[in-house]
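The values are calculated or read from the model by the stated rules, or taken from the named source; none is laboratory data. Predicted, not measured: the structure shown is a model, and the values here were computed from it. Every residue, glycine as well, gets a Cβ built from its backbone with ideal geometry; the counts of neighbours run over all protein chains shown.
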Amino acid sequence: MTTLYSRIPSTDRLLRDEAFATLLTLFGHNRVTQVLHQLQDEAREQIRQQQTLPDWCDAWASETKKRLEQCSTSALRPVFNLSGTVLHTNLGRAVQPQAAVDAVAAVMGSATTLEYDLDGAGRGHRDRALADLLCQLTGAEDACIVNNNAAAVLLMLASTAAGREVVVSRGELVEIGGAFRVPDVMRQAGCELHEVGTTNRTHAKDYRQAINDNTALLMKVHTSNYHIDGFTAAVDEAELVTLAEAAGLPVIVDLGSGSLVDLSRYGLPKEPMPQTLIAAGVSLVSFSGDKLLGGPQAGIIVGKKALIAQLQQHPLKRALRADKMTLAALEATLRLYLHPETLPQRLPTLRYLTRPEPEIREQARRLCVALSARYSEFDLRVEACLSQIGSGSLPVDRLPGAAVTFTPRDGSGRRLEALAAQWRTLPQPVIGRIYDGRLWLDCRCLDDESRLLEMLLK
Ligand SMILES: *Cc1c(COP(=O)(O)O)cnc(C)c1O
């Protein structure tokens with residue numbers, strides 16, 4: 001055993017080795033010695049437990065290189081989203097349009113006109129360019145951009161209703177997931193929630209009776225992630241605006257997803273649009289940048305000039321503002337909306353949502369043929385499936401598509417888990433969904449078929 005220990009070379013001796021010279025240049029002295037110490041510890045441990053040396057003990061340099069490379073792979077990695085959920089929050093929601101990718105690259109490596117007015121050489125407003133575009137698209141008077149829609153709701157409430165009451169229907173006290181619950185955000189913003197109506201029915205008179213001297217505004221929250229059916233009643237925005245105006249109060253709406261185009265023109269279920277609410281006279285409307293809009297994570301607020309000015313001047317705006325990369329990506333995304341005819345080709349989110357079922361099925365069929373031999377322990381089939389939009393958008397609507405399914409021939413659930421785990425370790429991991437004894441690869445969001453095959457045939 002002592003002889004085995006003596007076969008572990010010293011750090012100094014190893015570092016003098018020619019093979020380590022490149023590693024030292026590439027990774028630096030600290031990291032290389034750190035890994036070497038770790039390897040030496042592992043070798044000693046194996047001798048102690050098994051009285052053998054690890055296999056790599058005749059190739060210290062290549063093992064060190066392998067370990068260093070493993071640690072250098074980024075934690076944020078591109079994956080194949082074949083989960084069947086188009087806007088998957090854990091997978092980063094919307095895939096950005098190429099125009100946004102290019103715009104971000106352009107502003108990242110250079111000084112930009114973020115808050116600089118080229119005409120007057122004065123200090124511009126960082127949301128200015130985007131606000132003009134948003135006004136054009138929604139008919140609003142002005143706009144404000146923050147980090148995400150949760151931030152947008154917080155900022156709207158804090159700057160227009162702190163210390164006062166906000167009237168909301170009991171049917172709209174939504175939890176979006178994670179820590180976003182309307183009553184909690186209300187408290188954080190320093191407002192007092194005044195609930196009206198019941199879970200299933202709220203009427204105009206409920207709002208009217210709630211209004212008092214301390215009321216700041218009436219609020220509506222789009223119940224984006226659930227659906228109540230049956231004996232229901234809600235007051236629509238136009239009616240709410242009429243009754244709020246009679247009391248001299250603003251109406252604000254948290255729209256959640258919010259689509260800037262009428263999705264029914266692409267054969268998709270209708271989702272409320274900010275421009276409709278602005279036309280109905282709503283004072284402020286907020287929505288997400290990375291849900292149905294298909295852009296970067298951002299919170300967009302459009303509405304009346306005076307109220308937006310109040311938001312822009314609030315100290316929270318400084319804390320919640322978006323950076324130049326987000327603004328660049330959002331501007332590029334919004335520009336695509338100026339040309340709605342080409343939107344399904346140029347906006348990945350809409351492209352995935354509108355892909356014809358036969359095209360997806362054909363793709364699944366090609367994959368099934370190409371993969372069958374390699375995965376002989378599984379029964380591969382093309383099966384119909386229903387994709388989800390995700391991120392709480394259009395919760396009850398499912399899109400018919402197709403998937404390649406992998407059923408273990410021996411019916412073993414462990415084998416299924418092992419397959420899913422193996423695909424997660426690929427250079428570009430493949431994320432499917434285990435359901436009903438099978439692993440499903442929903443092809444709806446698959447762009448790069450040959451890269452996927454390269455991964456799965458490894
Ligand atoms: C998604 C959603 C939010 C939160 O938006 P983020 O952009 O994820 O912060 C808030 N309200 C509603 C109604 C939503 O659907």
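Per-structure values
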{"item": "Which numbered condition Ala306 misses (of (1) over 19 Å from Leu137 (Cα atoms); (2) within 16 Å of the ligand (Cβ to nearest atom))", "result": "(2)"}
{"item": "Residues (surrounded by fewer than 22 Cβ atoms within 10 Å (Cβ to Cβ) and within 16 Å of the ligand (Cβ to nearest atom)) located in segment 136-147", "result": "Asn147"}
{"item": "Pairs with Cβ under 8 Å, 6+ apart, first in segment 424-436 and small (Gly, Ala, Ser), second in a loop (DSSP other than H, G, I, E, B)", "result": "Gly432/Leu82; Gly432/Ser83"}
{"item": "Residues that are assigned to a helix (DSSP H, G or I) and within 12 Å of the ligand (Cβ to nearest atom), drawn from segment 158-179", "result": "Glu172"}
{"item": "Those residues of segment 225-268 which are closer than 19 Å to Thr354 by Cβ and within 21 Å of the chain's Cα centre (by Cα), in sequence order", "result": "Ser257, Gly258, Ser259, Leu260, Val261, Leu263, Leu268"}
{"item": "Residue in segment 208-234 that is surrounded by the fewest Cβ atoms within 10 Å (Cβ to Cβ), counting only those that are away from the ligand (no atom under 16 Å from the Cβ) and farther than 15 Å from His194 by Cβ", "result": "Gly230"}
{"item": "Members of segment 146-157 found to be within 20 Å of Pro272 (Cα to Cα) and either of a type in the set (A, V, I, L, M) or not in a loop (DSSP other than H, G, I, E, B) (or both), listed by number", "result": "Asn149, Ala150, Ala152, Val153, Met156"}
{"item": "Search result, residues across segment 314-324 that are touching a helix residue (DSSP H, G or I) at 6+ places or on another chain (Cβ under 8 Å) and either closer than 12 Å to Asn147 by Cβ or part of a helix (DSSP H, G or I) (or both)", "result": "Leu316, Lys317, Leu320, Ala322, Lys324"}
{"item": "Flag for Ala332 being at negative phi, of a type outside the set (D, E, K, R) and in a helix (DSSP H, G or I)", "result": "yes"}
{"item": "Qualifying residue in segment 391-399 (condition: away from the ligand (no atom under 16 Å from the Cβ) and surrounded by fewer than 20 Cβ atoms within 10 Å (Cβ to Cβ))", "result": "yes"}
{"item": "Leu380 being closer than 30 Å to Leu293 by Cβ, among the aliphatic types (A, V, I, L, M), assigned to a strand (DSSP E or B) and not assigned by the TED database to the domain that holds Leu268", "result": "no"}
{"item": "Residue, nearest to the ligand (Cβ to nearest atom), within segment 279-299, restricted to residues that are small (Gly, Ala, Ser) and within 15 Å of Ala151 (Cα to Cα)", "result": "Ser288"}
{"item": "Criterion (touching a strand residue (DSSP E or B) at 6+ places or on another chain (Cβ under 9 Å), of a type outside the set (Val, Ile, Thr) and more than 21 Å from Arg365 (Cα to Cα)) met by exactly one of Arg381, Arg398", "result": "Arg398"}
{"item": "Matching residues, segment 299-310, being of a type in the set (A, V, I, L, M, F, W, C) and either assigned to a strand (DSSP E or B) or buried (at least 21 other Cβ atoms within 10 Å of the Cβ) (or both)", "result": "Ile300, Ile301, Val302, Leu307, Ile308"}
{"item": "Tally, over segment 39-61, of residues that are of a type outside the set (A, V, I, L, M, F, W, C) and surrounded by 12 or more Cβ atoms within 10 Å (Cβ to Cβ)", "result": "5"}
{"item": "Boolean, Asp41 is more than 32 Å from the chain's Cα centre (by Cα), of a type outside the set (Gly, Ala, Ser) and at pLDDT 95 or above", "result": "yes"}
{"item": "Number of the exception - Leu240 against (1) within 19 Å of Asn147 (Cα to Cα); (2) buried (at least 21 other Cβ atoms within 10 Å of the Cβ)", "result": "(1)"}
{"item": "Residue within segment 250-257 that is modelled with pLDDT of 95 or more, within 14 Å of the ligand (Cβ to nearest atom), of a type in the set (Asp, Glu) and buried (at least 22 other Cβ atoms within 10 Å of the Cβ) present", "result": "yes"}
{"item": "Some residue of segment 158-176 being assigned by the TED database to the domain that holds Leu316, free of Cβ contacts under 8 Å to residues at least 12 places away in the same chain and surrounded by fewer than 22 Cβ atoms within 10 Å (Cβ to Cβ)", "result": "yes"}
{"item": "Check on Arg126, surrounded by 14 or more Cβ atoms within 10 Å (Cβ to Cβ), within 16 Å of the ligand (Cβ to nearest atom) and basic (Lys, Arg)", "result": "no"}
{"item": "Residue identified as in contact (Cβ under 8 Å) with a residue 60 or more places away in the chain, within 15 Å of Val86 (Cβ to Cβ) and not β-branched (Val, Ile, Thr) among Ala403, Ala370", "result": "Ala403"}
{"item": "When residues of segment 311-362 are limited to those that are basic (Lys, Arg) and without any contact (Cβ under 8 Å) to a residue 24 or more places away in the chain, the one surrounded by the fewest Cβ atoms within 10 Å (Cβ to Cβ)", "result": "Arg318"}
{"item": "Pairs, first in contact (Cβ under 8 Å) with a residue 12 or more places away in the chain in segment 177-197, second of a type in the set (Ser, Thr, Tyr) and within 15 Å of the ligand (Cβ to nearest atom), C-beta under 8 Å, six or more apart", "result": "Gly177/Thr89; Glu195/Ser169; Val196/Ser169; Gly197/Ser169"}
